[in-house]
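I have placed the structure first, in the form of structure tokens, so that the comments after it can refer back to it.
What follows draws every value from the coordinates through simple rules; no lab data is involved. Keep in mind that this is a model prediction, so the values were computed, not measured. Note: ideal-geometry Cβ built from the backbone for every residue, glycine included; neighbour counts use all protein chains shown.
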Amino acid sequence: MQDNQAAQGSTDQASEQAGEHSYRAQAVEAAAQQYWREQRAYEVKEDPSRPKFYCLSMLPYPSGALHMGHVRNYTIGDVISRFQRMNGKNVLQPMGWDAFGLPAENAAIKNKTAPAKWTYQNIEHMRGQLQRMGFAYDWTREFATCRPEYYRWEQLMFTRLMKKGLAYRKNAVVNWDPVDQTVLANEQVVDGRGWRSGALVEKREIPQWFLKITDYAQELLDGLDTLPGWPDAVKTMQRNWIGRSEGLEIHFAVEGEAEPLTVFTTRPDTLMGATFVSIAGEHPLALKAAQGNTGLASFLDELRHGGVSEAELETQEKRGMATGLSAIHPITGEKLPVWVANFVLMGYGTGAVMAVPGHDERDFEFAHKYDLPIRQVIAAGDETYDPDKWQEWYSDKTRADMRVVHSGALDGKNYREAFDYLAATLEGEGKGQRRVNWRLRDWGVSRQRYWGCPIPVIYCSKCEAVPVPEDQLPVVLPEDVAFSGVQSPIKADPEWRKTTCPQCGGPAERETDTFDTFMESSWYYARYTSPGADAQVDERANYWLPVDQYIGGIEHAILHLLYFRFYHKLMRDAGLVQADEPATNLLCQGMVIAETFYRDNADGSKDWINPADVEIQRDEKARVVGAVLKSDGQPVRIGGTEKMSKSKNNGIDPQAMVEKFGADTVRLFSMFAAPPEQSLEWSEAGVEGMARFLRRFWREVTTHAAGPDHAVVDPAALDAGQKALRRQLHETIQKVGDDVGRRHSFNTAIAALMELLNALGKFDDHSEQGRAVRHEALEAMVLLLNPVVPHVSHALWQVLGHPAEVLEDQPWPKADEAALVRDSLTLAVQVNGKLRGTIEIAAGASKEQAEQLALAHPNVIAFMEGQSVRKVIVVPGKIVNIVAG
């Protein structure tokens, strides 16, 4: 009864608005959303009788407010979800919160509150914003990753990985942010500074927990070939990040040392060009050499500052210092000086590099600076050796005319021949072996801050690191805490740390590090499939997985998406899921960008001003000539168009736009302004244009509905004008279905619907069949627009005489093939390649008839005066080109 009353109320409201022919977005959207809630329209269950479609947008961090990037991402997902349901799929579209992390902790410290309280308040607010946008989420599956009922399962997985040897602890050199007091990933170090604090990053060696992602390196690499639905750019980035390389591990004896110095090289054919060996500042040989060398000790101390990312090492000035040690060349026995170099990292490979300055740009720069020998050992054709041109030919080891030179027994050999010869020689002498190396490093999952999932480990002086027993999980993070500076409350609380060893029963302490928040976002997609399960996932996961369409920014191409794929394989190997990959298709949406405005401060800094506070000034031709601040009328400077950000104060508040224009208008602009993979430039004028389109559409439907009843279309009774409009309608149905479903080209789909509305506006036919064709077109338009503007579609469907219903349960319109058939065609007529007119010709006309009509065209006759026809080329259905001379 309640549902019927709600449906009747919704119909009455739509009818009331129809009578006024006015579109009131707020009332329309409130009525539609109330109906969906009461109908529980988007809650889904497994249904083996229907094809499933799992559409997932990357879950948001609860920062406190949606931004336009969220709106675009989630609108794309919602359009795809609604379209797929209208095409008969059982569609799952969930939403949750990536709720742990450093920003919440820093905000809580700043606002003198607890991170949990701050996070939950933000979730409440952002949930309301998402619901106001009308996204078709199954909210019964919602979770926040900071809740124990979620993270207990990743703790359980971690303890089992420990037992398998896939989770381990070791000392590692890391990026340390001295202000945020935590480890940073390489990608979080920008120009040697922490991405959030701006502090100079230090290198520190501390104990860290790792997951052995390297055990899955080959599978992660090979799996990319099974993902045709992922963008090539993302797959290329992952291939490069995984970085498979085949080479030789070569042992250089060190004078006076028992252990050899081991290097890995992919270019053993250049071994005879090695003139020194570079080692990392943390290498045991460097530390030993520094014990009696204060200058070297001071240099090593300097190297502890700065990040450990390869990108940073490539761009910084090359610096080094001799250790006084000598490495023995494994072939010639020559003594090579061992240098500490700031571009060698202990965490990559062996922490030592065979330096070949004659054929490596970085080594050349270093050797030139410190006056070290440079030797040519590779020649290409007859070219004169020039180390400055090494990239032009040396880097291509497959070049047919490349040969080893000045290398004794290797002379004349190509890359592969030299590789095989050295591999056999060095392996036979115990001085080296073949090796496959990976650029990929094991995933360091330890973080030193508080607001994260506790790592479920207990430390005992007798038993060392012991996993927390499964029946004692979850290890719950206390939420009601107070901060003293940035120190983690659980590190500062001896009572929280105190426990007993589960193996020997002796006194022990809990691990106080927490997981990297990429842990939570690496398996959240699977938890959505199994709400309430008393396990990480249950059998429902294999109905829904893999995700059919995943949507998110390309900035997540490496870390999140690689960990996402890795964790899925861990769950597969644990018997939790069956698929090899977590997502079949990936769409990476572009950024939302906007103009920037500012005033210069006296100290040279800029005071950035939000676009909403600025009035643009234009000349009589609508060209921008300046801008003023609304509050004082004084000029402001116009900056560049950049990604919306807090730093440039150019973010647009989605809530303000929704309140001003309505959610459907904001959704429509987000889908129309640019293809999804490209950047979208925010334009309030563009939003106003979308609002005008919806008002026109509303007026067209309500005006039609206020007229007499419509007849059923009788194709045999249609005149030429009615046939033309109906043909355009079915061409539009065909195009929109392809654009939305296959190409995800939402902007072109909307453009086609705009053209159809323009055609309807010019269709002044009030006959019985004219109204029938108009009604068919308007009904189809409501359904075609429903994925993008579901609120207005919900209301107008009722205006057109239908009861209130969930439009996603209406079938997607199908093009009538008979309506697509043209009685006549319009052909362009060219003379010598230049357009001179058009002709109308029967669809079945012959080439000869097309030639005759074209040659009889008045413009053709005029342009051919004094010339003769040399040839006539007819492109059926398109062009008649007359070659005259």
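Points worth noting:
- Here the extension length gained between Asn832 and Asp215 equals 215.6 nm, from 0.36 nm per residue of separation less the Cα-Cα distance.
- Region 602-659: GluC sites (Glu not before Pro) in DSSP loop, at most 11 other beta carbons within 10 Å: Glu620
- Between helix 68-86 and the chain there is an angle of about 60 degrees, using the helix long axis and the longest principal axis of the Cα atoms.
- Between the listed residues Leu757, Ile206, Ile841, the Cα displaced farthest toward the positive end of the dipole of the chain, a dipole computed from Cβ unit charges relative to the Cα centre, is found at Ile841.
- FRET E, pair Leu629, Glu202, Förster distance 56 Å, beta-carbon r, rounded to 0.05: 0.85
- Computed from the Cβ-Cβ distance with R0 of 22 Å, the FRET efficiency linking Ala612 to Arg695 stands at 0.45.
- For a straight C-alpha distance cut-off of 20 angstrom, the aspartates and glutamates reachable from Lys606 (same-chain residues fewer than eight places away being disregarded) are Glu595, Glu615, Asp632, Glu642.
- Think of region 592-643 as a dipole: +1 on every Lys or Arg Cβ, -1 on every Asp or Glu Cβ, centred on the Cα centre; then among Leu629, Asn601, Thr641, Thr641 lies furthest on the positive end.
- Given charges at Cβ of Lys, Arg, Asp, Glu: the chain dipole, positive-most of Gln769, Pro51, Ile554: Gln769
- Tail fraction, Cα-Cα pairs, region 253-378, threshold 19 Å, whole percent: 45 percent
- Cα gyration tensor shape for region 824-884, rounded if a/c is under 1.5, else prolate or oblate: prolate
- Placing a label point 7 Å from the Cα of Ala720 along the Cα-to-Cβ direction, the residues of region 838-871 whose backbone N falls under 11 Å from that point are 840-842.
- Simple Cβ-charge dipole of region 592-643, Lys/Arg +1 and Asp/Glu -1, about Cα centre, in debye nearest 20: 180 debye
- Extension gain for Thr140-Asp765 works out to 220.1 nm (0.36 nm per residue, less the C-alpha to C-alpha distance).
- A Cβ-based charge dipole, computed about the Cα centre of region 244-438 with Lys and Arg at +1 and Asp and Glu at -1, lands at about 340 debye.
- Cβ charges +1 (Lys, Arg) and -1 (Asp, Glu), total dipole of the chain, debye: 120 debye
- When both bridge partners sit in the chain, DSSP labels roughly 80% of those beta bridges antiparallel.
- FRET efficiency estimate (nearest 0.05) - Cβ-Cβ, Leu287 to Ser461, R0 25 angstrom: 0.35
- Here the simple spin-label model places points 7 Å from the Cα toward Cβ, and for Met237 and Thr500 these points are separated by 5.0 nm.
- Net lengthening on full extension, Lys643/Glu383 (0.36 nm per residue, minus Cα-Cα): 88.9 nm
- Cα gyration tensor category, rounded, prolate or oblate, for region 592-643 with a/c compared to 1.5: oblate
- Cα convex hull volume per residue for the chain (Å³): 267 Å³
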